[in-house]
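One structure is given here, and the rest of the page talks about it.
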Amino acid sequence: MFTLNDILQGNTNNIHIHCSTTPSPELVFRSAHHDSRQIEPGDLFIAIKGEKTDGNNFIPAVARSGAVGALCTAPASDVPPEFVQIVVPNVVTALHETARVRVQRQPSTIRIGITGSNGKTSTKEAVATVLSHKIPTLKTQASYNNEIGYPLTLLRLQPQHRYAVLEMGAQWVGELAWLCKTIASPHWSIITNVGAAHLEYFGSQERVVVAKTELVQALTPEGIAILNYDDMHVRGMADKTQAYVLYYGQGKGATVRASNVGGDTLFGHSFTLHYQGRQQAVQLRLAGEHGVTIALAAAAAGCAAEMPLDEIAVALEALAPAKGRGEIKPGPNRSTLIDDSYNANRQSILAIAQALHKTQVAPNGRRWAVLGDIFELGSFAPAEHFACGQALAGTIDYLIAIGDLARFYAEGAIAAGMSAKNVTYLRAHVEQRSELEGAKQLAADLLKREVRANDLVLLKGSRGMRMETILSLF
């Protein structure tokens, strides 16, 4: 929730209002969206001009959908007379300035920034779930974690929100520091891990470390850096911040720690949660050991918020996998399918594959992995896919690789000892939709022929591969 006055205060130069009457500066906007399909009555439309689509062309449509106004560079003529068009030289810059003003108007809300190579969205959901058990909490929608999504989330602040859980992504060194300086810095920062994500942009894992460290460097001495103790790169960030450091993990040095990890690897581990001499039993519904790590990050946020450990445990036990992130679904021929299709890098593929490997199956049960390309790796792509394939050998029984770069999964798996007859490579370019969907159909047909009732089937790939469309083919 924000007002026209927030926009006016943040953008004092070259701003023009197009409306039949002079709108009140106290005019309230429920929220803001740059996707016209998400507009609801009372919203402000952010008309961004991109390489392929000009948001200004959708202004008449959002006015008919009930939007109160639009932030734009060119006003539309085919709109109701009371529709407010706020014309600025640069819509994205104006969005940033508006969010900055809105945040400054609500200093009592604790902003919690979350970044890392894997698990940002799942951690964001878990942290918000825990804190919401205590008091109203805002969270980032979906994975809106960039220069557009971050300010849009902040514009959804309500007066009752005590916490704002904010997913923050980066594709270049300096981006997180820039978001903090331009819009708003977090009061607490949570770093999940550092891996080989977005190497096409960063150039090396060392530069990924530098980029993620920026979120703890932005903290003041009164802030809290919540760091994954089990990741050596993240643990080392303690030396880069002036904030109080709160470690979470399974290592002995973690302040918020899990011990006695056991139970079902696929359907959710059990563990004992420790903090400041107290302990509490927890039973999760999240897959894999990475599910325990996600839960510990959320527990650390709850501890920082001074929540009782038993309340934190109740919240953790209510966690369920986010869409496309370890969801357990019926597979072909009454098999069990793990839908982890939302996104992928090597570390996240191997984490969920290990969960399959450690899950007990019937004597004739087998483990399948259906994998699509990993994007944004640049020149590192062949080596990353090959290394992933190598690591999968001995972990899964059958591999179906779909895409262009996916051939390196197959080559790596065979090189590491997986039988070639258990590896299927289906070549397809993501830009050629018919070819990609044809390859998915072939994969679905193979699974329907070969998969048995006691088998486990993993579905995973980068977002652009849209691996979840295979589900409709069974």
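The values are calculated or read from the model by the stated rules, or taken from the named source; none is laboratory data. Everything numeric in this text was worked out from a predicted model, so none of it was measured. Don't worry about glycine lacking a Cβ; one is built from the backbone with ideal geometry, like all the others, and counts go over all protein chains shown. Heads up: the accessible areas ignore ligands, DNA and RNA and are worked out on the full protein's heavy atoms, side chains in. Shrake-Rupley method; radii C 1.70, N 1.55, O 1.52, S 1.80 Å.
Going by accessible area, probe 1.4 Å, with all protein chains left in place, what is the ranking of CYS19, CYS388, largest first?
Details: CYS19 40, CYS388 0 Å².
Putting CYS19, CYS388 in descending order of accessible area: CYS19, CYS388.
Taking the C-alpha atoms of segment 159-226, how large are the radius of gyration and the largest Cα-Cα span, Dmax, in Å?
So, for segment 159-226, Rg and Dmax equal 12.7, 42 Å respectively.
Any idea of LEU446's accessible area? Nearest 10 Å², probe 1.4 Å.
Here the residue's solvent-accessible area equals roughly 30 Å².
What is the mean projected area of the alpha carbon convex hull for segment 73-112, to one decimal in square nanometres? Don't jump to the answer; show the numbers that get you there.
On the way: hull surface 17.0 nm².
Quarter of the Cα hull surface area: 4.2 nm².
Over segment 17-170, what is the mean sequence separation of C-alpha contacts under 8 Å (at least six apart), divided by residue count, expressed as relative contact order in percent?
Working: 272 pairs, mean separation 30.9, N = 154.
Computed value for segment 17-170: 20 percent relative contact order.
With a 1.4 Å probe and all protein chains left in place, how much of the accessible area of segment 64-180 comes from carbon and sulfur atoms, in whole percent?
Numbers: 2070 of 4010 Å².
Taking all protein chains in place, segment 64-180 shows 52 percent carbon and sulfur surface.
By the gyration tensor of its Cα atoms, with a ≥ b ≥ c the square roots of the eigenvalues, what is the shape of segment 73-140: rounded for a/c under 1.5, prolate for a/b over b/c, or oblate?
Details: a/c = 2.46, a/b = 2.18, b/c = 1.13.
Prolate, because a/c is 1.5 or more and a/b exceeds b/c.
Once you charge only the Cβ atoms, +1 for Lys and Arg and -1 for Asp and Glu, what is the size of the charge dipole of segment 10-68 about its Cα centre, to the nearest 20 debye? Don't jump to the answer; show the numbers that get you there.
Values: 5 positive and 6 negative charges, 22 e Å.
In total the dipole reaches around 100 debye.
Can you show me the helix-derived [θ] at 222 nm for the chain, built from DSSP H runs with n ≥ 4 at -39,500 (n - 2.57) apiece and divided by the number of residues, rounded to the nearest 500.
That calculation yields -9500 deg cm²/dmol at 222 nm.
Distances over 21 Å make up what percent of all Cα-Cα pairs in segment 266-339?
Details: 838 of 2701 pairs.
Everything past 21 Å amounts to 31 percent.
Give the dimensionless ratio obtained when the Cα radius of gyration of segment 35-193 is divided by 2.2 N^0.38 Å.
Numbers: Rg = 16.5 Å, N = 159, 2.2 N^0.38 = 15.1 Å.
Rg over 2.2 N^0.38 Å, computed on Cα atoms: 1.09.
Under Stokes-Einstein, with the Kirkwood radius over Cα pairs standing in for Rh, what whole-number D in µm²/s applies to segment 275-402 at 10 °C and 1.306 mPa s?
Working: Rh = 16.7 Å.
The diffusion coefficient I find is 95 µm²/s.
So if a site counts as exposed when it's one of the GluC sites (Glu not before Pro), its DSSP state isn't H, G, I, E or B, and it has at most 10 other Cβ atoms within 10 Å, what's the longest stretch of the chain without one?
Numbers: sites that count: GLU26, GLU51, GLU222, GLU306, GLU431.
Within the chain, the longest run free of exposed GluC sites (Glu not before Pro) spans 52-221.
In a Debye calculation with equal point scatterers on the alpha-carbon sites of segment 200-335 and no solvent, what is log10 I(q)/I(0) at q = 0.17 Å⁻¹?
For segment 200-335, the Cα-only Debye profile gives -0.96.
Return one quarter of the surface area of the convex hull spanned by the alpha-carbon atoms of segment 20-101, equal to its mean projected area, in nm². Don't skip to the end; give the middle numbers.
Working: hull surface 21.0 nm².
Computed as one quarter of the Cα hull surface, the answer is 5.3 nm².
To make sure I understand the rule: partners must be aspartates and glutamates, Cα under 19 Å from the Cα of LYS212, and not fewer than 8 residues away in the same chain. Which ones qualify?
The qualifying aspartates and glutamates are GLU147, GLU167, GLU175, GLU200, ASP230, ASP231, ASP239, GLU376.
Could you tell me the accessible area of THR21 in Å² (1.4 Å probe, neighbours in place), rounded to the nearest ten?
90 Å²
At each listed q (0.09 Å⁻¹), what is the log10 of I(q)/I(0) that the Debye formula gives for the chain modelled as equal alpha-carbon point scatterers?
-0.66
What shape does segment 315-474 take by its C-alpha gyration tensor, where a ≥ b ≥ c are the square roots of the eigenvalues and a/c under 1.5 counts as rounded, a/b above b/c as prolate, and the rest as oblate? Display every interim value, and only then the final one.
On the way: a/c = 1.25, a/b = 1.20, b/c = 1.04.
Rounded.
So, taking all protein chains as they sit and a 1.4 Å probe, how much accessible area belongs to TRP178, in Å² rounded to tens?
90 Å²
Where does segment 424-474 land on the Kirkwood hydrodynamic radius, alpha-carbon pairs, in angstrom?
On the way: mean 1/r = 0.0858 Å⁻¹.
Mean inverse Cα-Cα distance, inverted, gives 11.6 Å.
With every protein chain left in place, what is the accessible area per residue of the chain in square angstrom, probe 1.4 Å? All intermediate terms of the calculation are to be shown ahead of the outcome.
Numbers: 19460 Å² over 474 residues.
Here the per-residue accessible area is 41 Å².
Quick check on my link table: of LYS139/LYS252; LYS49/LYS181; LYS120/LYS181; LYS120/LYS329, which ones sit more than 29 Å apart, alpha carbon to alpha carbon?
On the way: LYS139/LYS252 31 Å; LYS49/LYS181 24 Å; LYS120/LYS181 21 Å; LYS120/LYS329 23 Å.
Violating the 29 Å Cα-Cα cut-off are LYS139/LYS252.
Run the dipole for the chain about the Cα centre, Lys and Arg Cβ at +1, Asp and Glu Cβ at -1, nothing else charged, and hand back the magnitude in debye, nearest 20. Display every interim value, and only then the final one.
Working: 43 positive and 43 negative charges, 146 e Å.
Once rounded to the nearest 20, the dipole reads 700 debye.
Under the √(5λ) rule applied to the eigenvalues of the Cα gyration tensor, what semi-axes describe the equivalent ellipsoid of segment 130-254? Give them in Å, descending. Don't skip to the end; give the middle numbers.
Values: eigenvalues 105, 74, 35 Å².
Equivalent ellipsoid semi-axes, largest first: 23, 19, 13 Å.
When a/c is below 1.5 the answer is rounded, else prolate if a/b is larger than b/c, else oblate, so apply that to segment 389-474 with a ≥ b ≥ c taken from the square roots of the Cα gyration tensor eigenvalues. Spell out each step's value before the answer.
On the way: a/c = 1.92, a/b = 1.23, b/c = 1.57.
Oblate, since a/c reaches 1.5 and b/c is not below a/b.
To check my understanding: the extent here is largest minus smallest coordinate of the Cα atoms along each principal axis. What are those three numbers for segment 203-282, in Å, largest first?
Largest first, segment 203-282 extends 38, 32, 18 Å along its Cα principal axes.
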